[in-house]
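> Before we start, here is the structure in question, set down as structure tokens.
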């Protein structure tokens, strides 16, 4: 995994985000580049959270962990400052969502550790290149995400349901999508479910828990991938005194190229 | 692709078949070994049929073509005599099924060419090894096969619908099955459809056109693979004056190992 030059579409997108001119979801943005989910925790919980990710690699594939107190993420790209380079942050206290911000500089502490977790947006360009249409991209919406009844494996205080993203696909495209996304294990890989949403505890496909609803046509199957919003469900269970995450869909754009993280 | 020693389970199974002691389907038999569908045509139609296979590689992946008039298939194994080594044959005249036999020695002609086409039985052991359960194998039934509304690409007189085999699977197993069978392009590879049978023209999943019906449970999806019985549908359209095929499910067992034909 080698970063691109700093003049890339990724660094340009991050400059817009840092300047506060892009404060929404990043689906389709700088689309050659790996995007990441964000979890920032006090160092006292970092070890438990890293074990949670290790035990739940489908929803929580770790792309990078920062040094305590250091807001920079040099292994993910040039001049990435995690305090300003994500479009929209969520601030959590004792497991409650208390604020949404576009910059967290004022909240930074010397004991904070940043975790960047792979995001399914990173395989979307590969799906489009393979001829698999993605409705939320075509409609410039955020992807639909749902809490499921699939349990994660607990670590310390972290536990809770797996969150999934959903893309509606015709059967032949769903089969192709399994093939394409299997090549990207570090950004959730193959789907975890397809077909009947009720089998994984989703009562109403038209009402996602995060992101935007998209229509599922009669000749389509909903296809579900493990999602890096899963830690946010675990945070509501673990109730850490302080935590910052990205807002679902508003990701960190890295300098890594999607093609470089493909397994084959 | 290198044959195994002649003492293998494949040659033992062929000896039983040649002796007339096994005259039914071969699912689960000598299960490490590549199995094949059979089409035998007069040389005058062989070129058209080979082009039909080339144009329809998902249902018709060619494993071997014999020399005209020669009943032996040395590239597929030791001492394979196509006149006796398939459990059950179908004899066709002018596109009509006129007989089923366990030996075709009395019908052999100097102008006959044998085509052996890959069979999905060859990836079933890989599915079982991956923990994907197969109901028809567990119940020792033939696999269920259906004519679809998916057209083949015509060549000479050969045309008609694609035939598919169906295995009912839970969603997670269906996803795993796409991954596993994608490694076996020479024996049909990944599924062509999953979910709603009506989308590919199957009116009643409980009434297969070939093979045995198997139950599809409420928490399962029917998963469909292109099938080497497709030429038999094309033969009823092409109406060759003379043709011999295997009976659906009663395959030629070769000395090739399934693991040797995996693409990855």
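> For segment A:31-187, restrict the atom set to alpha-carbon positions and state the Rg and Dmax in Å.
Using the Cα atoms of segment A:31-187, the pair Rg, Dmax is 16.8, 50 Å.
> Expressed in nm to one decimal, what extension gain is obtained for the pair residue A:260 and residue A:12 from 0.36 nm per residue of sequence separation less their Cα-Cα distance?
Result for the pair: 87.3 nm of gain on full extension.
> What is the mean number of Cβ atoms from other protein chains located within 10 Å of the Cβ atom of each residue in peptide A:176-182, rounded to a whole number?
Per residue, the average neighbour count from other chains is 4.
> Put a dot 7 Å past each Cα toward the Cβ at residue A:219 and residue A:129; how far apart are the dots in nm?
2.8
> Could you name the residue in chain A with the C-beta closest to the rotation axis that superposes chain A on chain B, along with the separation in whole Å?
Residue with the nearest Cβ, plus whole-Å distance, for chain A: A:178, 2.
> So, one more: If each label sits 7 angstrom from Cα along the C-beta direction, how far apart, in nm, is residue B:20 from its counterparts in the other copies?
9.2
> Also: Go ahead and set up a Gaussian network model of chain B, Cα springs under 10 Å, then flag whichever of B:206, B:13, B:234 fluctuates most.
B:206
> Going 7 Å from the Cα of residue B:110 along its beta-carbon direction, which residues of segment B:49-84 have the amide nitrogen within less than 12 Å of the resulting point?
B:69-70
> Given a Förster radius of 25 Å and the C-beta distance between residue B:78 and residue B:101 as r, what FRET efficiency does 1/(1 + (r/R0)^6) yield to the nearest 0.05?
0.55
> Same structure, new question: Other chains' Cβ within 10 Å of B:139-149 residues: what's the mean?
For peptide B:139-149, the averaged partner shielding equals 0.
> Here's a follow-up. Which whole number gives the average count of other chain Cβ atoms within 10 Å of the Cβ atoms across peptide B:184-190?
1
> Looking at chain A as a GNM with Cα springs under 10 Å, which of A:116, A:137, A:62 has the largest mean-square fluctuation?
The residue with the greatest mean-square fluctuation here is A:137.
> Using Cα springs under 10 Å in a Gaussian network model of chain A, which residue among A:191, A:248, A:74 shows the largest mean-square fluctuation?
A:74
> Here's another thing I want to ask about it. Please state the shape class of chain A: rounded when a/c is under 1.5, otherwise prolate if a/b exceeds b/c and oblate if not, all from the C-alpha gyration tensor.
It comes out oblate by the Cα gyration axes.
> Tell me the distances, shortest first, between residue B:183 and the same position across the other copies, using label points 7 Å along Cα→Cβ, in nm to one decimal.
1.8
> Specify whether the C-alpha gyration tensor of segment A:19-62 places it in the rounded, prolate or oblate class, a ≥ b ≥ c being the square roots of the eigenvalues: rounded for a/c under 1.5, otherwise prolate if a/b is larger than b/c and oblate if not.
Oblate.
> I need the calculated FRET efficiency for the pair residue A:207 and residue B:55, taking r as the beta carbon distance and R₀ as 35 Å, to the nearest 0.05.
0.15
> Turning to a different aspect of this structure: Let me make sure I get this right: for the protein assembly as shown, a, b and c are the square roots of the gyration tensor eigenvalues over alpha carbons, sorted descending. Under 1.5 in a/c it's rounded, otherwise prolate if a/b > b/c, else oblate. Which is it?
prolate
> Right, here's the next one. How many percent of DSSP beta bridges within the protein assembly as shown run antiparallel, rounded to 5?
100
> Now, a different point. Ordered shortest first, which distances in nm separate the 7 Å Cα→C-beta label point of residue A:207 from those of the other copies?
Inter-copy label distances (nm, one decimal, shortest first): 4.1.
> At what distance in nm do the modelled label points of residue A:94 and residue A:140 sit from each other, each positioned 7 Å from its Cα along Cα→Cβ?
4.2
Any read-out appearing in this document is the output of simple, stated calculations on the displayed coordinates, not a laboratory observation. Just so we're clear, the structure is a prediction, and the values are computed from it rather than from any experiment. We place every Cβ from the backbone using ideal geometry, glycine too, and count neighbours over all the protein chains shown.
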